[in-house]
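Chemist: Below is a structure I'd like to ask you about.
What follows is calculated from the coordinates using simple rules that are stated; it is not laboratory data. Note that the structure is a prediction, hence the values are computed from the model and not measured. Glycine also receives a Cβ, built like all others from the backbone with ideal geometry; neighbour counts cover every protein chain displayed.
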Amino acid sequence: MSSLFEAYITNLGKYNEGRLVGETLKFPATTEEVQALLKRIGVDGVRYEEIFITSFDGDVLGLYDHLGEYESIDELNHLAHVLSDLDQSDIEKFEAVIDSGEYTGSVHDLINLAQNLDCYDFYPGIDSEEALGRVYIEEMEMLDVPDNVLPYFDFEAYGRDARINDGGHFAPGGYVFNNGGNFVERYHGMEDIPPEHRIFAYPKLNIREQMAAYQEVIDRSALNEEKQRLPASREDR
């Protein structure tokens, strides 16, 4: 399965210490890929547990503009699987709808949008009110205009009225509008993610790695306590 988008996963603890340590994860992903990446960036569930996402990129136009730095890896993976079930024409419709600003408030919204694209009509390549008017009149025959009148017909004005009535939007890929279909919220939250799409897991550490990790945590804690005592000791002098 090809990658639809990617995220730069960053070790939050090391970032707070002044070090940017991270790697790119391509979605959809597997548990093994997540564990290997986390191990390489030092997030093992012992020394460091938290991550955040520095940036997104991908082939779905505009998608990453609506994703945040603390998104769930499992939820992103589920979104990627839902998008991978769409054909190219549906991906283009999805891009147009998110460009219009509908259902872009969260990954939750985006997942539901991808599963309700039949609620939208999309005309690829239509980028102006005049072009829209010509499609509606010449191709769809939504208004009976005599042939001798067509050369003088104001397609732009007709297209403008049609766009207003549709509540439509000109996106980079074409014209899109909500056709009033029944939008069904199929995804309600993390509990709806299929088990096979849940991929977040810390790396599996062997005994030696576990002992080293816990020892580092102990040493770091002792060092922090020492640093906190030093100012107080100087004040006592």
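Chemist: Between GLU138 and ASN178, what is the FRET efficiency for a Förster distance of 41 Å, r being their Cβ-Cβ separation, to the nearest 0.05? List each step's numbers first, then the result.
Modeler: Numbers: r = 24 Å, r/R0 = 0.59.
Working from the Cβ atoms, E equals 0.95.
Chemist: For each of GLU75, GLU209, count neighbouring Cβ atoms within 10 Å of the residue's Cβ, then give the residues from fewest to most. Each step should come with its number before you reach the end.
Modeler: Details: GLU75 22, GLU209 14.
Ranking GLU75, GLU209 by Cβ neighbours within 10 Å, fewest first, gives GLU209, GLU75.
Chemist: Please pull out the direction-averaged projected area of the stretch 51-131, using the convex hull of its alpha-carbon atoms, in nm² to one decimal place. Before the final figure, lay out the partial values.
Modeler: Values: hull surface 22.6 nm².
Seen from a random direction, the Cα hull of the stretch 51-131 projects 5.6 nm² on average.
Chemist: Of LEU205, SER128, SER106, whose Cα points farthest to the positive end of the dipole of the chain (charges on the beta-carbon: +1 Lys, Arg; -1 Asp, Glu; origin at the Cα centre)?
Modeler: Sorting the options by dipole projection puts first LEU205.
Chemist: A further question follows. Using the number of other C-beta atoms within 10 angstrom as an exposure proxy, rank VAL34, VAL135 with the fewest first. Write down the numbers at each step before the final one.
Modeler: On the way: VAL34 21, VAL135 18.
Ordered from fewest to most neighbouring Cβ atoms within 10 Å, VAL34, VAL135 come out as VAL135, VAL34.
Chemist: Binning at 10 Å from 0, report for the chain what percent of all alpha-carbon pair distances ends up in each bin.
Modeler: Taking all Cα pairs of the chain, the binned fractions are 7, 24, 23, 17, 13, 9, 5, 3, 1, 0, 0 percent.
Chemist: Taking the C-alpha atoms of the stretch 1-137, how large are the radius of gyration and the largest Cα-Cα span, Dmax, in Å?
Modeler: 18.0, 66
Chemist: If r is the Cβ-Cβ distance from ALA36 to ARG160 and R0 is 41 Å, what FRET efficiency results, to the nearest 0.05?
Modeler: Numbers: r = 54 Å, r/R0 = 1.33.
The value I calculate is 0.15.
Chemist: What does the extension gain come out to for ALA212 and GLN88, with contour length at 0.36 nm per residue minus their alpha carbon separation? Walk me through the intermediate numbers first.
Modeler: Working: separation 124, 0.36 × 124 = 44.64 nm, distance 4.88 nm.
In short, 39.8 nm is gained.
Chemist: Kindly provide the helix-only [θ] at 222 nm of the chain, computed as the sum of -39,500 (n - 2.57) over DSSP H runs of four or more divided by all residues, to the nearest 500 deg cm²/dmol? Working shown, then result.
Modeler: Values: 8 runs with 96 residues, N = 237.
Here the helix-only value at 222 nm equals -12500 deg cm²/dmol.
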